[in-house]
Amino acid sequence: LWEKELPDGVEDLLSQREYSGNSKVSRKVESRDKTRVVTYRAPHNSAVQVYDYTSNQSRVLFGPDLVMLGPDEHFTLISLSGGKPKRQDVIKSICVLLGPDFMTDIVTVETSDHARLSLQLAYNWHFDVDKSGDCPDASIKIFSVPDFVGDACKSIASRVRGAVASTSFDDFHKRSADCIRSAVFGVDADGNTKPSLKFGANNLVITGIDIQSVEPIDQRTRDSLQKSVQLAIEITTKSQEATARHDAQRKEQEARGKLERQKINDESEAEEARKSLLTLQAQSAAVEST
């Protein structure tokens, strides 16, 4: 019987029966019978590319599906960047997940006043692809960029570094989210931030950015930032104390004014009663004299 040989990387992934090359996940290793048809269970919401070296044509299958190789067909091995910050060739996989999902990266930037910062950013992404198979060229575009994770992270990081380089540290500290989102997504004619960023090469769409942390790299910048935060807290605390003191004094003065007004009203009523009493006494004396 004829035995079909596969590349070592594909052989390892097929033996582990997993869709990614995460070495931390322990899976049961199965030995493959090379005389049998090579099969692969494509996970849900994933894409697998199979290339035929005889006809020089490729086909894309979407999961969940059971992919079976022909005699002259081979899987396209995907090598993606991973880790934080991103490093090349960390994840090996046979399929590409279509999302929505997120990826995290650490970007080092420098402001216009030479403050170096470390940003941890998370990007929400998905592939804009038609799974019906009516447009096979659009499906093949998913695999046109070998490392879409590294390519997207490098492109976004360059945009963020360019935007931060023209911003001072104080301005960036106050409106870091607006600065990063406008730099990545762009701005329309009305000055509003666009909702997404699409890479035309492989139809990858970035729909959101989560700024998880902003940390100064230099110790002096970190100390100055901590001092400014403490100063802002002290100013806010003193402002709240002054506001509370002012409210207490205002309420005390209002209560004192009400008390004085009530005292005046009581004295006026007492004088009116005394006046009535004197009038009655005078009338009584006049009656007695007659």
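Data table
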read-out	value
Exceeding the 24 Å Cα-Cα cut-off - candidates Lys86/Lys174; Lys154/Lys227; Lys154/Lys198; Lys86/Lys194	Lys86/Lys174; Lys154/Lys227; Lys86/Lys194
Helix-only mean residue ellipticity at 222 nm for the chain, each DSSP H run of n ≥ 4 adding -39500 (n - 2.57), per residue, nearest 500	-14000 deg cm²/dmol
Average accessible surface area per residue within the chain, 1.4 Å rolling probe, Å²	63
Distance in nm between pseudo-label sites at Glu252 and Asp113 (7 Å out along the Cβ direction from Cα)	4.1
Span-rule helices in the chain, defined as complete DSSP H runs reaching 24 Å or more along the axis (Cα) with Kyte mean at least -0.5	148-165
Distance in nm between pseudo-label sites at Ser176 and Met68 (7 Å out along the Cβ direction from Cα)	5.5
Global form of the chain, assessed from the alpha-carbon gyration tensor, a/c cut-off 1.5	prolate
Span from the segment 205-284 Cα centroid across to the segment 131-181 one, whole angstrom	49
Largest-first principal axis extents of the Cα set of segment 41-115 (Å)	61, 26, 18
Carbon plus sulfur fraction of accessible area for the chain, probe 1.4 Å, in percent	50
Two-site FRET efficiency, Glu269 against Ile235, from Cβ-Cβ distance with R₀ of 41 Å, rounded to 0.05	0.20
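The values are calculated or read from the model by the stated rules, or taken from the named source; none is laboratory data. From a predicted model like this one, the values you see are computed outputs, not experimental measurements. All Cβ positions, even for glycine, are placed from backbone atoms using ideal geometry, and neighbour counts span all protein chains on display. Quick note on the areas: whole protein, heavy atoms, side chains included, nothing else; ligands and nucleic acids left out. Shrake-Rupley method; radii C 1.70, N 1.55, O 1.52, S 1.80 Å.
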